[in-house]
Structures are given as structure tokens and as C-alpha cells.
Amino acid sequence: MSGLVVVFLALGCIGFGMTALRLTGTAAALTRVEQLTWGFGLGMGVLGWLLFFTGIAGWLSPIQLAAVPAAGVAGLLAFRGAAAAPPRPDTTPFGLWGRLLLGLLAVVLSASLIQGLAPPADGDSMAYHFALPKQFLIEGAVQFVPRAMDGAIPLLPHMTYMAALGLGGETALTLWTMTTGWMAAALLFSLCRRHLDRRWALAATLVFLTTPAVVFGAASGQVEVRNAIFAMLGAAAVAEALRSGQVRWAVVAGLGAGFFMGGKLLGLQFALACGLTLMAQRRWFIHGLVFSVAALAAGGQWYAWNWLNSGDPFFPVLYGIVPYRDPTFWNARHHDDLADMLREVERAVPISLTWLLSYPFVATLAGKPIFESGRTGFGPFALLALPFVLGALWRFRHRLRTSPLAPVAAVALLAYVIWFVMGSSQRLRHILPAYPLLLLCVAVAAERWAAASGTLRPLAGVVAVTLLVQLGGVAVFTAGFARSLLSGETRDQFLLRNVSVYGAVPWINGHLTRADRIFVPQRWLVYTLNVPSYYGHFIQDARVDVTPEADDPLVYYRDLRRVGATHLLALDGDEPERSGIHQWRGLRELGCLETLKTFDVKVFGSRTLGLGANSARAVVFRLRGPECLPPGR
């Protein structure tokens, strides 16, 4: 059933996308393979766009959820009747190298399938990427979540997660994210085939699929790989608009950039990069206007939703500038704490020309811990291929302005510069959507110079070294999932082995009801809970004050009651703290907490490597009524 749901959603996406390509008049310029890959990407955006309105209307029953992709499946009729460009010829023998690459591709896809068949265990996925769609299904409607950075955010890809989960359950959800990761690679392959033969296009695709950041995020709820599809569509359509001068391609570029805007706030920066690149032509005004309208139509609904619910389309960026509809949503202390956290934790190096130029090299070779370049970096290929690229830039310098990839390179470069200068975080994986654009340009430039200079074998060696290193990372990352699949362990056993504090979850799911709401400070537990919950963060959420300075259990009690909390999960250690999340100690002393169950749980430092497993004690409390408070309070 889960597999059928994924096929159903994929066909719906292709149908929606093909309809969009036919309506814009761009389908006939694409080969059949490109129609499939471009169509899937555009259709995934259309599916998420439509499901947003379905969700806010409260139409989230299985029948209502299925009706939306079913309309896309009907759109496959547009694909059957569409003209297509002839396939690009390739006279180069596929040979042993090509067959070896195909074998490696099968290995990588098998590893991805193993991950797709396992329960979710990624922290961000369980905290909000998968947790929010599950919450919307439980509540019966898409709701506004006034939590900074992971609540009141653009959620277009998450709408497709919601459909997969609602129609096919958890396995359909994880297989859907796996499939969309595969389709990102398929789209990159189709773009590479415009400039490279099958073998080199396949090599570039394999480099992408084995990139640490892609391995980490492709089969999880992380949206960067999904947004990479929209980025590739946007940049490729910008290139076609500049090459042909046709407005229709500006529409497609706007849709791609707009869907990226609907998938993450960083999409606004990417849309700016695409828009600036479109300005470099004679018809800049009409192209820019059409692009902007299409982008706003495709991605603006989430910003309008945030504005309608909070007063701030970029919640909480404009706090203090625009009036908020509910003063409990945010306050000055949380705003200052968030700004301090972004400045002191998320930005490890100063924003300067020196670091703008050196960041890619430093982040590849070592870098600050916040870059996360070892665990979720881009791998060594671009750096190892740099001599070939420099050779191409010099040898073909007179053809750079007319190169069909010049606009793609411009979009990638502008996206990086804007991200570095304006970005709130310097984590390398956040710029992942622009990485396949860089990879496309690097692969083509390196192959051109290597072919002209007779150094194709050294370039093949660069690919081989890159794949050897990155396949090692794939093996390490997949080992835990493979062990689970081969051992036949249950879902609970897998989560007990991989998720901190999960030992308390089965009891909570079995003893609390939909009439209850449990407050949890452990964000990764939210998805695993089948009862209403409330996740409180010490910076990102202002409705329940658990900042380090908070030390008033009575205020804490009122905050919990205001958000409807009836129960509380806490870790009971030896530390004497009361502030922040430890304010529950004061409530217990007041007699406002009733102990229901105590658990011995495990806390893990690294799920992938199995490091740092420590024992802890978790307690589930029931929150008593106001009679427990001191008189007059």
C-alpha cells in the first residue's frame, strides 16, 4: 500500500507538471526525459501549493487528500499528447566505465532504499519536518505554529509529506522523501545530458547522490534536496529565457523560484538571484515582471498565511516593526536571544570579502564545527576538479559570455553571495539547493578542458577518488538502517536504539488520550507521539517561557495552562537548577505536579556512529488544577 501511494503521488506530480509545461508552451522544447524530470519538479510544487489550500480549509480526510493528486494523474493526458524535442545523440561507447557507474548507481539507490524503509530518526525531521504534517493530520487542518525557525515557516514540501503520511502511513512518508531525492538526481542527470555524454552525466549524478549533505537529507524530511529540484528548474529556465528571449521561460523560472520560496525562507534569496540574472538582457522589464508575478503566485501564500495569523509575513523577523496580532506569540527578550544565538552560534566567521572568497575552501577542507562540513558537507569533487575548471575558464574565456551555462553559473554565484552576506546561518547544508548548479557547471567545464587537453583519464581519477571517499560515508550512514532491516527489529526497538529518551514514548501513547496535551522539551520526540503535544524551546517559542533566565514556577504554570498542557515530560537528573526547563522542580515543590510514571531512558550523542549513550531518568507528570497554587496567586 505504501509503495502504491508513492507511485500515485509521483504520477500526480508528473501530470501536474506536464500540464504546467503545456500551458506555458515549453513542453515541446524538452526531450521526453526532460519532460518527465521537469514535470515531476513543477508538479511537486503544484501538489504542495494545492494541498496548502486543502489543509487550511480542513479537508484532510484520506478521500480529500487523494482527490488532489488524482487531478494530477488525470493531467497525464497532457503528457501523452505532448510533442517533444528529439533525444540528444550520444555516439560515445558506454563501455566498461559506463557499466561500472551504473553498478555504483544501483548500490547507492539500494542504500537509499534501506534508509527509506526505516522509521524516521533524524532530529529535524522528527521535530518539525515530519511532526508538523502529522500534527496537522491529527488536528484536521493546517494550523499556524508561532515558533521561530521551525514553526511559522514556509511548508510547501511538507504538504506533500502530509499527503504521503495521511494516505499511506509512515512507510509511504519515508519512501516519498526517498523518491523525491531520487528525482532531484534524475533532474540533474537530464540537465547534464544537455552538455555531456551519458557516462559523464552519470558520473556527475553519482557525485551528487553520494555527497554527504545529500546522503544525510535525501531520505529524511530535510527540505534542501527537495528545494534543489526547484532551484535547478529556476536556474535552467532562466538560462532558457536569456537564450531564447521568450517570456514563457520566465514563467517557468518564476514557478521554480516561487516553489523554493514556499519551501524555505532562503528561497527568497534564490528568487533574488534568479531575478538579478534575468535583468541581464534587452527584455529585462517584461521578463522580470512575469518572473515576479509567477514567483509570488507560486510561493507567496505561506507569507500571506503568516501575516494573517501573526501580523508578520516573515515571523519573527519584523518584530518591533509591525504590530503583532497576539502579544503572546513573541517578545523582546526572545527576539534579542534569537538574534544573539544567530550572531554568536550560527555565524562562526565574519561577513567579509576575505571570508566570502575563502569560505568554500575552508568549509571543504576543515572549517568551523557550525559549518557541519564533515557530516553534511559537499565532498571534495569541486575542489579536486578546480584545476580543470580554471583551465577551461582560460582556454574558453572568449566564449564565456555566450555559454548556455553562464546564466546557471551566475544564479549559483549570486545565490551563494546573497546567502553568505544576508544569511542567518553559515551551515553549509543550507546552501545545498544551489550545489547541483555548481556541480553542473564544474562537471561541464572540467570535461570540456580535459577533452581538449587530453586529460580525461586524470579527470576520471578525480571522479573515482571522490566516489571512493563519499561511498565510504554512504556505508557508514546506512549501516545502522541496514542492521535494523536485516535483524528484523520492530519499530520500537529501532527507535529505542536511535532516539534519545524514546523509552518514555510507548507509555505516553498508551496511557494519554486525544483530550490530553503533554509538554515536551525534547524536540525529537514530537513526531513519535500519537497524542497532542507541545514542544517548548528556550529561544524559538515565547508562549511558554523556558529561557535560562526564567525562574518563576507560577508563571511557568500559567504558560503551560494557556497552551492547554495537561501533562509534562521531564528529565530528572542530579542538577539543582530551577531555571528554564527545570522550572518543573518548583512546580513539584508547590504540589502542582503528580508523578505518573518514571522511566530509565538512553540519551545518545550520535545516532549514526552510536556514540555517547548515557542513562537518564525521565518522568511523566500530570499538571494539577489551580487549587495547587498559593492563595492569591
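The values are calculated or read from the model by the stated rules, or taken from the named source; none is laboratory data. Please read all numbers here as calculations on a predicted model, not as lab measurements. A quick note on method: Cβ atoms are made from the backbone with ideal geometry, for glycine too, and the neighbour counts reach across all protein chains shown.
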Exercise for review: Hey, can you tell me all the residues within the range 265-299 that are assigned to a helix (DSSP H, G or I) and either over 28 Å from P316 (Cα atoms) or touching an Asp or Glu at 6+ places or on another chain (Cβ under 7 Å) (or both)?
Suggested key: T277, L278, W284, F285, I286, H287, G288, L289, V290
Review point. Given the range 314-421, what helices (runs of 4 or more DSSP H) lie entirely inside it while holding 3 or more residues that are surrounded by fewer than 16 Cβ atoms within 10 Å (Cβ to Cβ)?
Key: 332-341, 353-365, 386-395
Point to revise | Count of residues meeting criterion [closer than 22 Å to V526 by Cβ, without any contact (Cβ under 8 Å) to a residue 24 or more places away in the chain and part of a helix (DSSP H, G or I)] in the range 467-509 | key: 5
Check your understanding: In the range 534-559, how many residues are touching a residue at least 40 places away in the same chain (Cβ under 8 Å) and either of a type in the set (K, R) or touching a Cys at 6+ places or on another chain (Cβ under 8 Å) (or both)?
Key -> 2
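Working only within the range 55-70, note down all residues that are more than 17 Å from G168 (Cβ to Cβ) and crowded, with 16+ Cβ neighbours inside 10 Å. Let's see the steps before the verdict.
Filtering the range 55-70 down to residues more than 17 Å from G168 (Cβ to Cβ) leaves 55-59.
Those that are more than 17 Å from G168 (Cβ to Cβ) and crowded, with 16+ Cβ neighbours inside 10 Å: G55, I56, W59.
Among residues belonging to the range 113-148 that are among the polar types (S, T, N, Q) and surrounded by fewer than 22 Cβ atoms within 10 Å (Cβ to Cβ), point out the one that is nearest to Y527 (Cα to Cα).
Here the answer is Q135.
Taking the stated definitions as given, is G379 in the same structural domain as L206 (by TED's automatic domain parsing), over 21 Å from C441 (Cα atoms) and in contact (Cβ under 8 Å) with a residue 60 or more places away in the chain?
no
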Check your understanding: Going by the structure shown, is L101 closer than 30 Å to R457 by Cβ and surrounded by 13 or more Cβ atoms within 10 Å (Cβ to Cβ)?
Key -> yes
Study note, to complete from the structure: Of the conditions (1) surrounded by fewer than 18 Cβ atoms within 10 Å (Cβ to Cβ); (2) under 24 Å from P212 (Cβ atoms); (3) basic (K, R), the single one that R514 does not satisfy is (2)
Exercise for review: Inspect all residues belonging to the range 286-294 and state whether any of them is more than 22 Å from W49 (Cα to Cα), in contact (Cβ under 8 Å) with a residue 40 or more places away in the chain and not β-branched (V, I, T).
Suggested key: yes
Check your understanding: Taking D559, is it assigned by TED's automatic domain parsing to the domain that holds V619 and either closer than 27 Å to P120 by Cα or not polar (S, T, N, Q) (or both)?
Key -> yes
Review point. For the range 490-511, what are the residues that are under 17 Å from V619 (Cα atoms), aromatic (F, W, Y) and touching a helix residue (DSSP H, G or I) at 6+ places or on another chain (Cβ under 6 Å)?
Key: Y502
Practice item. Evaluate the following for W507: is it aromatic (F, W, Y), on the phi < 0 side of the Ramachandran plot and surrounded by fewer than 19 Cβ atoms within 10 Å (Cβ to Cβ)? Key: yes
**Study point:** Residue ID - nearest to L65 (Cα to Cα), chosen from residues in the range 14-35 that are part of a helix (DSSP H, G or I), without any contact (Cβ under 8 Å) to a residue 60 or more places away in the chain and among the hydrophobic types (A, V, I, L, M, F, W, C)
**Key:** F16
Exercise for review: With respect to S579, determine if the residue is at pLDDT below 90, of a type in the set (S, T, Y) and over 30 Å from the mean Cα position of the chain (by Cα).
Suggested key: yes
